[in-house]
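The structure under discussion appears below in the form of structure tokens.
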Amino acid sequence: MAKDSDDPQGNPLREGIATRSVPQACTVVIFGATGDLTHRKLIPALYNIAADGELPPQLAVVGFARRAKSDEEFRGELEEAARKHSRQTLRDDLWKGFAGSVFYHQSEFADAEGYTRLAQRLEQIDAERGTGGNRLFYLAAAPDQFEPILQHLAAAGLNKSAQGGWARVIVEKPFGTDLASARKLNSIVGTAFPEHDTYRIDHFLGKETAQNILVLRFANAIFEPLWDNRYVDHVQITAAETLGVEGRAGYYEGAGALRDMVQNHLLQLLCLVGMEAPTDLGADSVRDEKVKVVRSLRRLSAKDVAVNVVRGQYAEGAISGKPAPGYRSEKNVNPSSQTETYVALRLQIDNWRWADVPIYMRVGKRLPKSGTEISVHFKKAPPVLFNKESQGLDQNVLVIRIQPDEGISLRMQAKMPGTSFRIEPVKMDFHYGTSFGKASPEAYERLLLDAMAGDATLFARRDEVEQAWAFIDAIEEAWHVAERAPKLFEYPAGSWGPDEADDLLARDGRTWRRL
Ligand code: BG6
């Protein structure tokens, strides 16, 4: 029976952390275990959680992939990857302990016999390690393998809990390429796993500062009264990267910046900034409010897209003084590619709180600096007293730095010391690093622990994903299907994107915030 100290699912809460359930011992089965994501993110994340003492000691990891190899070979490859990509330096004793719980399972993704063997192996692991029949299946393979994997898991009965344990699935992005494919994928996942056991990952939600948006808004009393169209002039969301396509052309050519970053990460951040206070912190209460934001986004007609969306592609240029090739000369990119590597948008949320507050978003590769931030620009002070001059004083701006240098700052006006009355903007600044004196965990660490604990708050729900695609599809359609698609503007690598993106704000008498 659930105690007062339990969460709504009856999982015991960890002492002192009121909104966190305890991760339960389980076997994590990774499909696509020899791939990039497993090497760069999943295994380093699991090792770091183990090193921080947060991983249930019985936990086992089974890597499922096509190539033949032994457990030992697999562990050796993972060690090399973890040494390279782990947040914390690898400690030999800790790695040895962790590696002992990692196993390799060779099978084709569409081979029924491979899943029968998997079921036997999982039972054996349950018996040996005490994982209680709990299984967390992680789909990190290529998206075209999701369907056969899910079908075979269901056929082998692995989608059902064994010995009173649970079976959950984590689905990696991209979750579809448009609304129709996302719906199809949702129904395939839905035939194997119920929604409450389905965890659609969006790693931006696992970032420390993204989670802090809710704390900033709903654990403080001073922001929420100002958080609407009476006080907010506009909001900007920027995700800038210096990196280019980095050998991912095979995927990126068919995706582009809008599908790759806006449909998921940026819209998720917008939901956190724009949502109403949930009734409680349960996964569905939070997601009920988030999805309303996407549903309230004004859908763009082809004409609106031409006026409110700017797309760009990087051309040859330089990043930090080093020459950088143009997108079309990158490996495996079509020399006349029309894929956007940059997109800037002007959006409107048509609800009571946000009506008439423009939301500007931009995302791009090969920009001069890497950084993701949300800035809330408040309306100007009334044009009296200190704000009488024609130039006027700067607006107050609250900046939520998602990365790097995670933190929050507030720009305000102050009197400069001296005998004259000179007013200058100053910053009140909070840095995670200095305030808490410890590094933030990687997004995947938090998300893996949450999935083990049965907490889906930071995962996208079916309706969120579909609503986001419905919004994005209208833009893609205007770009690619409608006649006279708007131009794809070039920008030199190392610049802040096409000039037309500046015009988008200049038209409204505004400018992008400098990162
Ligand atoms: C991924 C995108 O989802 O997010 C990449 O596919 C992008 O193109 C990456 O580079 C950015 O994530 P992060 O955590 O490095 O900011």
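The values are calculated or read from the model by the stated rules, or taken from the named source; none is laboratory data. Note that the coordinates shown come from a computational prediction; the quantities given were computed from them, not determined experimentally. Because the Cβ atoms are built from the backbone with ideal geometry, glycine has one as well, and the counts that use them run over all protein chains shown. Areas reflect the complete protein model, heavy atoms only, side chains present, ligands, DNA and RNA absent. Shrake-Rupley method; radii C 1.70, N 1.55, O 1.52, S 1.80 Å.
Quick notes on this structure:
- Taking the square roots of five times each eigenvalue of the Cα gyration tensor of region 219-376, the equivalent ellipsoid has semi-axes of 33, 16, 15 Å, listed largest first.
- Here region 86-185 is treated with +1 on each Lys and Arg Cβ and -1 on each Asp and Glu Cβ, and its dipole about the Cα centre works out to around 360 debye.
- About its Cα centre, the chain has a charge dipole of approximately 1120 debye under the convention of +1 per Lys or Arg Cβ and -1 per Asp or Glu Cβ, with nothing else charged.
- Taking amide H as placed 1.01 Å from N in the peptide plane, the amide H of Gln413 sits under 5 Å from that of Val426, each at least 5 places away or on another chain.
- Extreme residue, positive dipole direction of region 206-334, given options Ala277, His265, Leu226 (C-beta unit charges): His265
- When the Cα positions of Pro368, Gly256, Gln211 are compared along the charge dipole of region 206-506, Pro368 comes out farthest toward the positive end, with charges on each C-beta of Lys, Arg, Asp and Glu.
- Built amide H within the under 5 Å cut-off of Val22, gap 5+: Arg14
- Cα centroid of region 165-190 to Cα centroid of region 21-45, whole Å: 18
- The alpha-carbon of Lys427 sits under 20 angstrom from the alpha-carbons of these lysines, leaving out residues fewer than 8 places away in its chain: Lys379, Lys380, Lys415.
- Over all Cα atoms in region 462-515, the spread is summed up by Rg and Dmax: 14.9, 38 Å.
- Per-selection Rg to Rh, region 318-423 - Cα, Kirkwood hydrodynamic radius: 1.11
- Geometric extent, Cα atoms of region 119-159 - Rg, Dmax (angstrom): 11.7, 34
- Overall Cα dimensions of region 228-312 - principal axes, largest extent first, Å: 44, 32, 24
- Sum of -39500 (n - 2.57) over DSSP H runs of 4+, divided by residues of the chain (222 nm, nearest 500): -10000 deg cm²/dmol
- Extent along the principal axes, Cα only, for the chain: 77, 57, 43 Å, with the longest axis given first.
- Of the solvent-accessible surface of region 206-506, computed with a 1.4 Å probe and all protein chains present, 53% belongs to carbon and sulfur.
- Dipole orientation for the chain: of the candidates His152, Leu448, Cys26, Leu448 has the Cα lying most toward the positive pole (charges on Cβ; Lys, Arg +1; Asp, Glu -1).
- Per-selection Kirkwood Rh - region 27-172 (Cα, Å, 1 d.p.): 15.3
- Size of region 66-117 from its Cα atoms: along the principal axes, largest to smallest, the extents are 39, 18, 16 Å.
- Protection proxy ranking for 495-504, 220-229, using the average of other Cβ atoms within 10 Å per residue and placing the highest first: 495-504, 220-229.
- Size of electric dipole in region 150-291: Cβ of Lys, Arg +1 and of Asp, Glu -1, about Cα centre, debye, nearest 20: 420
- Reference-scaled alpha-carbon Rg (2.2 N^0.38 Å with N residues) for region 206-506: 1.06
- Cross-link reach list, lysines versus Lys184, counting only Cα pairs under 26 Å and skipping chain neighbours closer than eight places: Lys160, Lys173, Lys290, Lys292
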